[in-house]
Amino acid sequence: MIPLVQAGAGRRSAPQQGGIIFRLMFLVFLIFVCFFIYIGRHPLLRLAGAFWVVDQTPKPSDAIVMLSDDNYQGDRAARAAELFKTGWAPRVVASGRLLRSYAGVAELEEHDLVSHGVPESAIVKLPGADRNTRDECTGIGQFSQLSRN
């Protein structure tokens with residue numbers, strides 16, 4: 001006679017992990033956190049960016065260098081014009097990449113500087129084909145070396 005054995009008897013069943021409610025609550029919490037980070041991304045990024053700003057008192061110099069790609073309001077041009085008007089430097093270097101073969105960001109910056117009260121004779125346009133800030137600074141450094149000689 002063969003003894004009858006129940007299916008699964010003799011095997012230990014793994015404890016159920018369960019927790020589907022916990023997983024659902026965690027997923028909903030994660031979605032809310034991502035949503036609030038997305039909504040508050042601008043203030044958070046401004047706060048992180050403000051950490052890197054070094055606001056030192058300016059010193060008299062040969063020129064005020066304005067890097068390219070100013071924002072829509074022209075904040076860089078306004079600050080450069082303010083520094084020029086207070087007499088920190090006799091010239092303003094407007095640097096910028098070319099947008100077309102006949103015009104570039106330097107022309108836009110020149111327009112902004114003139115509109116803020118800087119005379120055209122004090123503006124040095126330095127158009128270039130620079131792709132990033134490092135290349136632009138290298139070009140400005142080479143320009144300053146050439147102008148000294």
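Nothing in this text is a laboratory measurement; each read-out follows from the coordinates by a stated rule. In this text the structure is predicted, and so the values were computed from the model without any measurement. Glycine gets a Cβ as well: all are built from the backbone with ideal geometry, and neighbour counts include every protein chain shown.
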**Asked** Counting Lys and Arg as +1 and Asp and Glu as -1, each charge on the Cβ, what is the dipole of region 60-120 about the Cα centre in debye, to the nearest 20?
**Response** 80 debye
**Request:** Could you tell me whether region 64-148 comes out rounded, prolate or oblate from its Cα gyration tensor? Rule is a ≥ b ≥ c as square roots of the eigenvalues, rounded for a/c under 1.5, then prolate if a/b exceeds b/c, otherwise oblate.
**Result:** oblate
**Message:** From Cα pairs below 8 angstrom and at least 6 apart in sequence, can you work out the relative contact order of region 64-148, rounded to a whole percent?
**Reply:** 29 percent
